[in-house]
1. If you count, for each residue, the other Cβ atoms within 10 Å and average over each peptide, how do 200-208, 13-21 line up from highest to lowest?
2. Residue by residue through the range 226-238, which ³J(HN,Hα) values in whole Hz follow from phi under the Karplus form 6.51 cos²θ - 1.76 cosθ + 1.60 (θ = phi - 60°), with glycine and proline marked x?
3. Give the separation of the Cα centroids, the range 9-58 to the range 166-181, in Å.
4. Would you mind counting up the charge near Ala225? Only other residues with Cβ under 14 Å from its Cβ, with Lys and Arg at +1 and Asp and Glu at -1.
5. Ordered by residue, what ³J(HN,Hα) values in Hz, to whole numbers, does the range 109-120 give under the Karplus form 6.51 cos²θ - 1.76 cosθ + 1.60, where θ = phi - 60° and Gly and Pro are x?
6. Roughly what percent of Cα-Cα pairs across the range 4-127 reach past 27 Å?
7. Using a simple spin-label model with points 7 Å from Cα along the Cα→Cβ vector, what separation in nm is obtained for Leu299 and Val190?
8. Can you give me the long-range amide H partners of Gly200? Hydrogens built in the peptide plane at 1.01 Å from N, cutoff under 5 Å, separation of 5 or more residues or another chain.
Amino acid sequence: MSAHILVIEDNPEMLENITSILQLAQYRVTAARNGKEGVKLAQQLRPDLILCDIMMPELDGYGVLHILHSEPETALLPFVFITAKADKKDLRHGMNLGADDYLTKPFESTDLLKMVEVRLKKKAMMETQANTPEEVSEFFSKTREIKDFQKLSENRPVRNFRKKDIIFMEGQTPNDLYFIEKGKVKTYKVNEEGKELITGIYKDGDFLGYLPLLEETASHESAEALEPCRIMLIPKGDFLKLIYSSKDVAHKFIKMLSNNLEEVENRLVNIAYQSVRQRVAGALINIGKQFNGTGKDELITVSRRDMANLVGTATESLNRTLSDFKDEGLIEIHHEGIRIANKAKLEKLIRG
């Protein structure tokens, strides 16, 4: 499917011209005649790219960008100013607000199409980046071609962890960003009574420990290997220089952080309002999706204790619920783990 572009422009002739050029190039285009309309359409449609005029009545382009960047759902949408204001101070102001690029009026159709193509390619690269050890290594190594990164260390050590090994502890001062090459890891917090609450479960291709590096604080949770793991350690200095020097890298980790916060918020709401049956069903579906693709054909091997800590209930309550699910034909319980037998009914149970 072709990319979807939102054009926000109050000049009818300019809006029609840009729209027709993009449509001739086989892009899907939505047109907005002012800033307020553009914000509503961006929030509703989540386009692949936004082209926005600066000088508009009621809500100018700066205001549009400020509103969209203040919301996690739209903060990372590629945003390009199309403007007749060629003053460097104005352009710098737009870029400082978070715009990805700008195109000065008047412009040739080829300039517009080239800029759009570059921005969409960059978006696609960021969405597919850092999913394998080779891509992570290439991702960090490419930055060393830039003058500012030439003196960075080439060594990124890799450590092997056995099942139940502690990777880092809550309160520990972090020195590295962790990238899981292979294996599964849980993060958790322990309260004053010693009860553990799992805050996340991670797999191959996931990053760990970036929030305390960004905040320059101690780790606010612990991490433990759920099975034998191979983890790449990316030095703190490399990571921070990339974050503070590359907007694309910063965007990537902001997006990851936003997704994590949304997941935590959803879990807190579920613990507050859902029944134990609903929470256990949700945990089975989510763990299955994360580790096994469809969540249907492969065994879920997370321990009962860890699953109970993830759900926020006692292990005894979890075991009773799993036993009920087995009797109802929703799951199969094997010595090695749990297999989902009826995913559709589990999902229906979650919805109540």
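1. So the peptides 200-208, 13-21, ranked by packing, come out 200-208, 13-21.
2. 7, 7, x, 10, 10, 10, 8, 9, 9, x, 4, x, 4
3. Rounded to whole Å, the Cα centres lie 44 Å apart.
4. Surrounding charge for Ala225 is +2.
5. Running phi through 6.51 cos²θ - 1.76 cosθ + 1.60 with θ = phi - 60° gives 4, 5, 5, 4, 5, 5, 4, 4, 4, 4, 5, 5 Hz.
6. 7 percent
7. For Leu299 paired with Val190, the spin-label model returns 2.9 nm.
8. HN-HN under 5 Å from Gly200: Thr187.
Read-outs: derived from the displayed coordinates by stated rules, not from any lab. Every value quoted in this text rests on a predicted model; they were computed, and no experiment measured them. Cβ coordinates were reconstructed from backbone atoms using ideal geometry, including for glycine residues, and neighbour counts include every protein chain displayed.
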